[in-house]
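Colleague: Below are the structure tokens for one structure; questions will follow.
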Amino acid sequence: MIKIVIADDHTIMREGLKRILDGALDIDIVGEATNGFEVLNLVRQGGFDLLLLDLSMPGRSGVDLIRQIRTEAPKLAILILTMHEEEQYAVRAIRAGAQGYLTKESAGTQLVGAIRKVASGRPYISTEVAEQLALNIMTPNEQLLHKQLSDREFEVFSLLVAGRSITEIAINLHLSVKTVSTHKTRIMQKMGMSSLSEMVQYAVAHKLLSPFKA
């Protein structure tokens with residue numbers, strides 16, 4: 001039996017996932033979390049094999065949360081379930097310690113198989129993201145500006161282009177306002193941009209706009 005915890009702040013999404021998993025007799029949902037703090041509490045309590053984790057939740061989330069989970073529970077399998085099809089999110093999530101990456105659009109047909117594969121110790125990447133990765137490998141000469149950013153800078157960039165203020169980002173990522181401002185300056189320098197509107201235009205063009213929540 002594969003014991004899992006579902007972490008997603010949308011009740012409708014959690015209920016939908018439970019319906020998808022109803023027919024899988026080898027999968028048992030033993031807990032739910034709606035934000036990063038609840039996730040960490042459940043991780044510390046233990047008693048489950050796999051965490052089905054939304055990449056964008058209130059409070060601690062994203063790569064930072066994955067790293068923290070990996071530190072506290074090195075053997076826990078993590079399967080990311082997200083709206084992001086852009087391969088850059090998958091690469092960063094996997095580097096941080098996730099074993100699988102599945103888009104919510106693919107959950108209906110791929111979720112059960114993904115859970116079984118990741119729980120058995122094998123990696124899983126959804127078809128859409130795998131295609132993005134393949135296209136990226138086929139065009140290695142294309143130097144995308146956002147790939148120069150560190151994981152933290154990429155998180156700040158994603159929140160900035162999603163319309164979040166410096167103060168909101170500081171609260172969300174548990175950083176000081178000064179640190180976030182410094183990250184913003186470095187991001188703009190690395191990407192050769194002089195305004196937030198340029199960053200937003202770039203994010204739209206490269207499908208990097210994120211559905212981050214408060």
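The values are calculated or read from the model by the stated rules, or taken from the named source; none is laboratory data. The model shown is predicted, which means the values in this text are computed figures rather than measured ones. Counting neighbours? That spans all protein chains shown, and the Cβs are built from the backbone with ideal geometry, glycine included. What goes into the accessible areas is simple: the full protein's heavy atoms, side chains included, and nothing from ligands, DNA or RNA. Shrake-Rupley method; radii C 1.70, N 1.55, O 1.52, S 1.80 Å.
Colleague: Please give the FRET efficiency for L144 paired with L209, using the beta carbon to beta carbon distance and R0 = 25 Å, rounded to the nearest 0.05.
Modeller: 0.95
Colleague: Would any residue of the stretch 83-109 have its amide N under 20 Å from a label point 7 Å out along Cα→Cβ of R70? List them or say none.
Modeller: Label zone hits: 83-103.
Colleague: Follow-up. If you consider only alpha-carbon coordinates, what radius of gyration and Dmax does the stretch 145-206 have, in Å?
Modeller: 10.6, 30
Colleague: Rounded to the nearest 0.05, what FRET efficiency do K3 and T167 have when you use their Cβ-Cβ distance and R0 = 30 Å?
Modeller: 0.15
Colleague: Another question, then. Based on the Cβ-Cβ distance from R186 to V112, what FRET efficiency comes out when R0 is 41 Å, to the nearest 0.05? Provide the component values of the computation, followed by the final result.
Modeller: Numbers: r = 42 Å, r/R0 = 1.02.
Between R186 and V112 the formula returns 0.45.
Colleague: Please name which of G59, M13, G97 has its Cα lying farthest along the dipole of the stretch 2-135 towards the positive end, using unit charges on Cβ (Lys, Arg +1; Asp, Glu -1) and the Cα centre as origin.
Modeller: Positive-end residue among those listed: G97.
Colleague: Something else: Using Cα springs under 10 Å in a Gaussian network model of the chain, which residue among H174, H84, H146 shows the largest mean-square fluctuation?
Modeller: Fluctuation is largest for H174.
Colleague: What is the helix-to-structure angle for 11-21, meaning the angle in degrees between its Cα long axis and the longest Cα principal axis of the chain, kept from 0 to 90 and rounded to the nearest 10?
Modeller: Orientation of helix 11-21: about 50 degrees from the principal axis.
Colleague: Please give the contour-minus-distance gain from L196 to D28: 0.36 nm per residue of separation, less the Cα-Cα distance, rounded to one decimal in nm.
Modeller: Result for the pair: 56.0 nm of gain on full extension.
Colleague: In addition: Averaged per residue, what accessible surface does the chain expose to a 1.4 Å probe, in Å²?
Modeller: I get 48 Å² per residue for this part.
Colleague: When only the heavy atoms of the protein chains count and the probe is 1.4 Å, how do I27, I20 rank by accessible area, highest first?
Modeller: I20, I27
Colleague: As an exercise, take the mean of 1/r over every pair of distinct alpha carbons in the stretch 61-184, invert it, and state the Kirkwood radius in angstroms. Numbers along the way, then the final one.
Modeller: Values: mean 1/r = 0.0637 Å⁻¹.
By the Kirkwood definition, the hydrodynamic radius is 15.7 Å.
Colleague: Considering the stretch 1-98, what Rg and Dmax in Å follow from its alpha-carbon atoms?
Modeller: Here Rg and the maximum Cα pair distance are 12.6, 34 Å.
Colleague: For the chain, would you read off the P(r) tail past 25 Å as a percentage of all alpha carbon pairs?
Modeller: Working: 8609 of 22791 pairs.
Across the chain, Cα pairs with separations above 25 Å total 38 percent.
Colleague: So, one more: Which whole-number percent is the relative contact order of the chain (Cα, under 8 Å, 6+ apart)?
Modeller: 18 percent
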